[in-house]
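Each remark here refers to the structure printed beneath this line.
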Amino acid sequence: MNIDVSTSAPASADLAEATPEIAQVGVIGAGQMGNGIAHVAALAGFSVIMLDVKAEALEKALATIGHNMDRQVHRNLIAAEDKANALARLSTATDYAAFDDADLVIEAATEKEETKRAIFKTLVPHLKPACLIATNTSSISITRLAAVTDRPQKFIGMHFMNPVPVMKLVEIIRGIATDEPTFQAIQALAHRLGKTTAVAEDFPAFIVNRILVPMINEAVYAIYEGVGSVAAIDTAMRLGANHPMGPLELADLVGLDTCLSVMQVLYEGLSDSKYRPCPLLVKYVEAGWLGRKTGRGFYDYTQTPPRPTR
């Protein structure tokens, strides 16, 4: 039996797509993570557009970026000229139409799936067909978020650590549809930003938060059950495990609302009771005691030094 192979697929080399070039980067969200991402991208030579729905948030973010760059200049990490050039490459917007020429848009909004889904639905009509989309989610399914867009093959997870200008790691997470050129482009971008990458599979909370946030949740349970005070738990982990920061101090830095969101994703996604959020963590979030960003969490930041709240 003769088989005609004249229409068979071409060699894999012919199918290979070029890695997309990234020159202009959009960042959605001017909060702690968003302004940090804009900061490092502008310093790395990219043209950056930072978007937020609130103009006052953008003003605050620009002031934060300027202040943080001043600290880098003071520590001889960058030159004054580097700061000036980076700020010149950074612009702000409140309208998604500003992303019409972006090569990559990184979403860095609050860690709530419904908020992110709404953002992507608003975003995609304004993008050119070749534009890549990355999400800075720390726990939510990349595949599920990508499905909201018109380009799941060009969608990827890019989880930066906080504070972005200081922390060296970026987790890279492919969704089920993410193509190889997108993955390679984001790997190259992260390295250009001076980051080391860790590739994670698309499971709830990925690598860092799969391990870190349950530790924080367990520290909250230790308070809840009377095992130790806030100060005792943080001192024990700093000096006993050689952690640079206690788990409750770290929770306040990350944001207790973010910690709770990650635990809820783990609990719902893995159906394992060991990931049940501590009721005390829930209570703090319900009270609006979210950590440093609200002035009160497991520590009261209206006092110097901060005083434990339990």
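The values are calculated or read from the model by the stated rules, or taken from the named source; none is laboratory data. It should be emphasised that the depicted structure is a prediction, and the values quoted were computed from it without experimental measurement. Glycine also receives a Cβ, built like all others from the backbone with ideal geometry; neighbour counts cover every protein chain displayed.
Which of the residues spanning the range 107-124 are in a helix (DSSP H, G or I), at pLDDT 95 or above and surrounded by 15 or more Cβ atoms within 10 Å (Cβ to Cβ)? Scanning the range 107-124 gives Lys116, Arg117, Ile119, Phe120, Leu123, Val124.
Take the residues in the range 14-45 that are assigned to a helix (DSSP H, G or I) and hydrophobic (A, V, I, L, M, F, W, C), then tell me which one is nearest to Asp257 (Cα to Cα).
Once the filter is applied, the top-ranked residue is Met33.
Among the residues making up the range 159-205, those that are exposed (fewer than 14 other Cβ atoms within 10 Å of the Cβ) and under 18 Å from Ala147 (Cβ atoms) are Ile176, Glu201. Only one entry of Met237, Met245, Met215 meets the criterion of being outside any helix (DSSP H, G or I), more than 16 Å from the chain's Cα centre (by Cα) and at negative phi, and that entry is Met245. Among the conditions (1) surrounded by 24 or more Cβ atoms within 10 Å (Cβ to Cβ); (2) over 19 Å from the mean Cα position of the chain (by Cα), Ile156 misses just one, which is (2).
The residue pairs whose first member lies in the range 43-57 and is without any contact (Cβ under 8 Å) to a residue 40 or more places away in the chain, whose second member is surrounded by 14 or more Cβ atoms within 10 Å (Cβ to Cβ) and hydrophobic (A, V, I, L, M, F, W, C), and whose beta carbons are closer than 9 Å, counting only pairs six or more residues apart or on different chains, are Ala57/Ala30. The residues of the range 58-87 that are among the polar types (S, T, N, Q), free of Cβ contacts under 8 Å to residues at least 40 places away in the same chain and surrounded by 13 or more Cβ atoms within 10 Å (Cβ to Cβ), listed by number, are Thr64, Asn85.
Give the range 218-234 a look and list any residue that's crowded, with 18+ Cβ neighbours inside 10 Å and either among the hydrophobic types (A, V, I, L, M, F, W, C) or part of a loop (DSSP other than H, G, I, E, B) (or both), or say none. Answer for the range 218-234, where residues must be crowded, with 18+ Cβ neighbours inside 10 Å and either among the hydrophobic types (A, V, I, L, M, F, W, C) or part of a loop (DSSP other than H, G, I, E, B) (or both): Ala219, Val220, Ala222, Ile223, Val230, Ile233. A residue that is in contact with a strand residue (DSSP E or B) (Cβ under 8 Å, 6 or more places away or on another chain) and more than 18 Å from Pro163 (Cα to Cα) cannot be found anywhere in the range 61-79. The set of residues from the range 256-279 being touching a residue at least 40 places away in the same chain (Cβ under 8 Å) and surrounded by 18 or more Cβ atoms within 10 Å (Cβ to Cβ) comprises Leu256, Asp257, Thr258, Cys259, Ser261, Val262, Met263, Val265, Leu266, Tyr275, Pro277, Cys278.
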